[in-house]
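Below is one structure, written out as structure tokens; the observations come after it.
Nothing in this text is a laboratory measurement; each read-out follows from the coordinates by a stated rule. The structure displayed is predicted, hence computed values, not measured ones. With ideal geometry, Cβ positions are generated from the backbone for all residues, glycine too; neighbour counts draw on all protein chains shown.
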Amino acid sequence: MSSVKIELRKDQIEKIHEICKSFNYEGGELINVLHKCQHEFGYLPAEIQEVVAEQLKLSVAKVYGVVTFYSFFSMIPKGKFPISICTGTACYVRGAENVLAEFKKQLKIEVGETSPDGKFSLSCLRCVGACGLAPVVLVGEKTFGRVAPDGVKAILAEFEQ
Amino acid sequence: MDQIKLTIDGKAVEVPKGTTIYKAAKSLGIDIPILCYMDLKGLNIENKPGGCRICVVEVEGRRNLASSCSTDVSEGMVVKTSTIRVLNARRTVMELILSDHPKDCLTCAKSGKCDLQDMAIKLGIRNIPGQEFAEMSTYRLDTSPSIIRDMDKCIMCRRCETMCNDFQTVGALSAVNRGFMSVVAPAFEMNLEHSPCTYCGQCVAVCPTGALTEVDHTRNVIAALSDPTKTVIVQTAPAVRAALGEEFGLEPGTLVTGKMVTALRTLGFDYVFDTDFAADLTIMEEGSELLGRLGKFIAGDKDVKLPILTSCCPAWVNFFEHNFPDMKDIPSTARSPQQMFGSIAKTYFADKIGVKREDLIVVSIMPCLAKKYECQRDEFSVDGNPDVDFSISTRELGFLIKQANIQFNGLPDEDFDKPMGESTGAAVIFGTTGGVIEAAARTAYELHTGNTLTNVDFKELRGLEGIRHATIDFGGFPLKIGIAHGLGNARKLLEDIKAGRSEFHAIEIMACPGGCIGGGGQPLHHGDSTILKARAKAIYAEDESKTLRKSHENPYIIKLYEEFLGKPLSEKAHHLLHTHYFDKSKNTFSI
């Protein structure tokens, strides 16, 4: 999994320390600590994992192992407009896969990646509870229903400006 | 303790609560096949991820099969270990593992010593259904100075991870990614070279397949031996002679010093020398350093760096450079015997025989994989020419001897060449935990007190316990000694010192279980402590058989100082025999 090289600011490091402290520096709380960190920073770059490992007295390899095991965790910053395509049962049978393929084609990125300009990122999720609108696509906070592959361009255009 | 009664294959058995089905069956003499499971009893290390599913058994009343290595027994349990259902499941599991494993067994470094190959033979696998369309996972090859990671051959048994994390506390390796993509890798899937790996090689020693192997330098050695313009000399570490015989079917603990010398001479080495010579030299330098620091301490100098830590073990040096950089001025600055040998060979000895430095090739036979890295360190070369050209392991020497069709067991005993083949008993015991500090004590005691030691055996320093303490009467001064083997134990000892929980004057640390006799380059001992004990016994037997048992009595060492070095810690000795350490904590994960 590739990552972007960043340098953490002092206050960011302190924030991670605070999160680790709130879980009593327990190695067994690693997943919860990572959850909180991802919530705080949006993603889990290598630099954050190093601080977490040091605080919880775990090896960085172990932390990285957990980050790469759970698909929820990401080492890539989300785009300004994160695109989530529902691939739950209802959306799937109504052609979500073709919609996903079109997003990949238009953005030239894979699921879990972010476009080079940092604008869009692509992910899949399972059921948003709006099966009547299947297939459903979320862009940021906005929901799109009954999306067909030929409607993808128009959705992206809405966020391009 | 609560006892549990159960039946396995129709036989009743009673075992303590918490026992696994696998162990309960074993107590009945039933050997359930295992693959990922590893039990290093002597080291108290058990790896039971229950991942491979080869050890599955049928448990009455349970819907699915249970992995016997990771399922505890329960009262009244009825277990069947070899039903048709179990045998079919084992076969299917094996076929699935093999469907994602390379089939180049004939040329694999692990061929003949591979647990996976053995299991395929045991289960009578003759074809792999679906092989034509089965996808193979593949991963880049990672070659470090000591260890090769070929993850295509990894079966995710996680044994290496257990050794690296639980036993050594190095934390270089972890299972990463999931499912088909999972591999064992350093953080951020960097290469080993950019991880905190110490090259101790304990992962290689437990790997069931060819996924983790040593970098093989035997071809380079053969090339050097067949080059008529080169003078090729060899040094052998003390632990090698106590284990090499096992590669030829001899009992563990068989000393093969004389046969090894003959074999090396037959292979074509121009001079067969002994690392033990340099071990005696190490004691002269390190012992003098200890006495210097101790003298200052006794005189009331509060800033003196104590305890002094030994520096012979290259994996240990890597470990403190990565993990304890704030303590990097505490270890002895003495180079390891391998490097002292190389340095003296390419100056003093090269001059003596009139050979130019670049025409002298120094090969070392080591029980160790970290030695491969050590001899490639920049600080141990002169104008790009390394002091030690190639370091090969005990196992690699075994291969070389077999390839040359030398009938090892029938060889006569020969002696090492002079001058760098002469050594004392003190040098021999470097090969086992506690040996370096005992050797140092023998010399330092006599130099410090001016008295002759009547009994040179410091039995209180011996043994296989992970951390040992002893106090030696140093002419009225109680010298407190600490000993640790295994890097996890070393970490504990260092953290105790840092926290002020214990106080020592001198500490010996070896990275591998049992010291060098359990090194990552030795014949595989599978954690059997009786093998380690037998090797240690052989080492002490060689020590006892020597007339000279104190390093400072080695006549060739005395001569070396007279003719060349002056005295211990002289400027020349500093230049050729000492080193300095680096803070490697920061550059580990820089990406």
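Annotations for the structure displayed:
- Of the GluC sites (Glu not before Pro) found in segment B:1-106, those in coil by DSSP whose Cβ has at most 14 other Cβ atoms within 10 Å are B:60, B:75.
- Using the Cα coordinates of chain B, the gyration tensor eigenvalues translate into equivalent-ellipsoid semi-axes of 44, 28, 23 Å, sorted from longest to shortest.
- Set B:371/B:418; A:15/A:78; B:305/B:533; A:36/A:142; B:356/B:550 screened for pairs whose C-alpha atoms are more than 26 Å apart: B:305/B:533; B:356/B:550
- Summing Cβ point charges (Lys, Arg +1; Asp, Glu -1) relative to the Cα centre of the protein assembly as shown gives a dipole of roughly 1960 debye.
- Tilt relative to chain A, helix A:96-107 - C-alpha long axis, 0 to 90 degrees, to 10: 70
- Approximate spin-label separation residue B:2-residue B:357, in nm, with each point projected 7 Å along Cα-to-Cβ: 7.0
- The calculated Kirkwood hydrodynamic radius for the protein assembly as shown is 28.9 Å, given to one decimal from all distinct C-alpha pairs.
- Counting neighbouring beta carbons within 10 Å and listing from fewest to most, the residues B:329, B:142, B:543, B:72 come out as B:329, B:72, B:142, B:543.
- A full extension of the chain between residue A:6 and residue A:119 corresponds to an added length of 38.8 nm, given 0.36 nm per residue minus the alpha carbon distance.
- Shape category assigned to segment A:10-69 from the gyration tensor of Cα positions, a/c cut at 1.5: rounded
- The HN-Hα couplings worked out from phi for segment B:297-303 by the Karplus form 6.51 cos²θ - 1.76 cosθ + 1.60 (θ = phi - 60°) are 5, 5, 6, x, 6, 7, 8 Hz, whole numbers, x standing for Gly and Pro.
- Anisotropy class of segment B:3-82 from Cα gyration tensor, a/c 1.5 cut: oblate
- Segment residue A:108..residue A:148, full-extension length gain: 12.6 nm, with 0.36 nm per residue of separation and the alpha-carbon distance subtracted.
- Residue B:126-residue B:580 pseudo-label distance in nm [points 7 Å out on the Cα-to-Cβ vector]: 6.8
- Placing +1 on each Lys and Arg Cβ and -1 on each Asp and Glu Cβ, with no other charges, gives chain B a dipole about its Cα centre of roughly 1460 debye.
- Theoretical FRET efficiency, 1/(1+(r/R0)^6), r = Cβ-Cβ of residue A:35 and residue B:180, R0 30 Å, to 0.05: 0.70
- Ascending count of other beta-carbon atoms within 10 Å, so fewest first, for A:57, B:546, B:26: A:57, B:546, B:26
- Rounded to the nearest 10 degrees, the angle from helix A:10-22 to the longest Cα principal axis of chain A is 80 degrees.
- Extension gain from residue B:547 to residue B:191, taking 0.36 nm per residue of separation minus the Cα-Cα distance: 123.4 nm
- Entry note, chain B: the mean residue ellipticity at 222 nm calculated from DSSP H runs of n ≥ 4, each adding -39500 (n - 2.57), is -9000 deg cm²/dmol after division by the residues and rounding to the nearest 500.
- Rounded tilt (10° steps) of B:394-403 against the dominant C-alpha axis of chain B: 80
- Relative intensity of segment A:81-160 on a log10 scale, I(q)/I(0) at q = 0.13, 0.20, 0.21 Å⁻¹, equals -0.32, -0.78, -0.86, per a Debye sum over C-alpha point scatterers of equal strength in the absence of solvent.
- Each residue of segment B:308-325 was assigned a 3J(HN,Hα) from its phi angle through the Karplus expression (A = 6.51, B = -1.76, C = 1.60, θ = phi - 60°), giving 7, 10, 5, 9, 7, 8, x, 6, 5, 4, 4, 5, 6, 5, 7, 9, 10, x Hz with x at Gly and Pro.
- For segment B:99-214, the percent of C-alpha pairs falling in each 10 Å distance bin, counted from 0 to the bin holding the largest distance, reads 13, 46, 31, 10, 0.
- Beta bridges by DSSP in the protein assembly as shown, antiparallel share as percent, to the nearest 5: 55
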